[in-house]
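J.: Got a structure here, written out as structure tokens. Questions coming.
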Amino acid sequence: MEAVASATSSAKPANSASGADAIDLTQDRFLKLLIAQMKSQDPLNPLDNAEVTSQLAQLSTVTGINKLGDLVSGLSSTFSEGQSLQAAGMIGRGVFTPGTTMELNGTALAGVELPQAVDDLTINIKNAAGVLVHSASLGPQNSGLVTLQWDGASDVGGQAPDGKYRFEIQAQSGGKQIVTDVNRLSYGKVNSVTLGAAGVQLNVDGIGATALSQVKQIL
């Protein structure tokens, strides 16, 4: 966690200094040109006050935009640092993220986000060949995130071998089928955190790289 924090914070002052230098150079160039223009003006036809005022207003606008850009960059860096620290604190923790797989290692976890309460929720678990291994009715469920746990028991008897399985969900409410496939969640433990152009990425065991924003629940 310390390495993440130091890496992000060390880059921030350089960006701020660069923006400040650019503003100073712009102001310096403008003032030098304005002074030169005033020195070389025709005494019988001096610079129009309105024109000078307009030029000063343009400089003020440009300077303000540059300063606003630096402020936004600073806020973005601070936000990224906060996300990095939050993500680093999740290493070793279990998370639910969008997915359709279950990793069986004695037991397996998955989840589903229900948009509404249902009268009956059924889970169907299939192996890599697409063969149904286990099906179970979980009865009525409230809306929200529902955790699904499988002990590896096979419907044909015995214990299913450890490995990756795919699960499907069926739900009924008021005698009608409701869509739940888009709300399936896979479970895995966060092994590490990666910082890159795409932002903060969690490397989740059995799932792969996952954006921090995709995490639905932390265990």
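The values are calculated or read from the model by the stated rules, or taken from the named source; none is laboratory data. Bear in mind the structure is a predicted one, so any value in this text is a computation, not a measurement. Please note: Cβ atoms are built from the backbone with ideal geometry, for glycine as well, and neighbour counts cover all protein chains shown.
J.: How many residues are without any contact (Cβ under 8 Å) to a residue 60 or more places away in the chain and part of a loop (DSSP other than H, G, I, E, B) when one looks only at the stretch 197-219?
T.: Selection size over the stretch 197-219: 2.
J.: Quickly run through the stretch 123-154 and pick out the residues that are free of Cβ contacts under 8 Å to residues at least 24 places away in the same chain, touching a strand residue (DSSP E or B) at 6+ places or on another chain (Cβ under 6 Å) and surrounded by 12 or more Cβ atoms within 10 Å (Cβ to Cβ).
T.: The answer is L132, S135, A136, L138, S154.
J.: Also: Would you please name the residue that is farthest from Q172 (Cα to Cα), looking only at residues in the stretch 85-113 that are assigned to a loop (DSSP other than H, G, I, E, B) and in contact with an Asp or Glu (Cβ under 9 Å, 6 or more places away or on another chain)?
T.: G106
J.: Here is a follow-up. Looking only at the stretch 205-219, filter to residues that are farther than 15 Å from Q86 by Cβ and aliphatic (A, V, I, L, M); which one of those is surrounded by the most Cβ atoms within 10 Å (Cβ to Cβ)?
T.: Among those residues, the one meeting the criterion is I207.
J.: Of the residues T194, T147, only one is within 16 Å of the chain's Cα centre (by Cα) and either assigned to a strand (DSSP E or B) or in the same structural domain as P115 (by TED's automatic domain parsing) (or both); which?
T.: T194
J.: Let me spell it out: the conditions are (1) under 28 Å from the mean Cα position of the chain (by Cα); (2) at pLDDT 65 or above; (3) farther than 17 Å from Q170 by Cα, and F79 meets all of them except one. Which number is the exception?
T.: Going through (1) under 28 Å from the mean Cα position of the chain (by Cα); (2) at pLDDT 65 or above; (3) farther than 17 Å from Q170 by Cα one by one, F79 breaks only (2).
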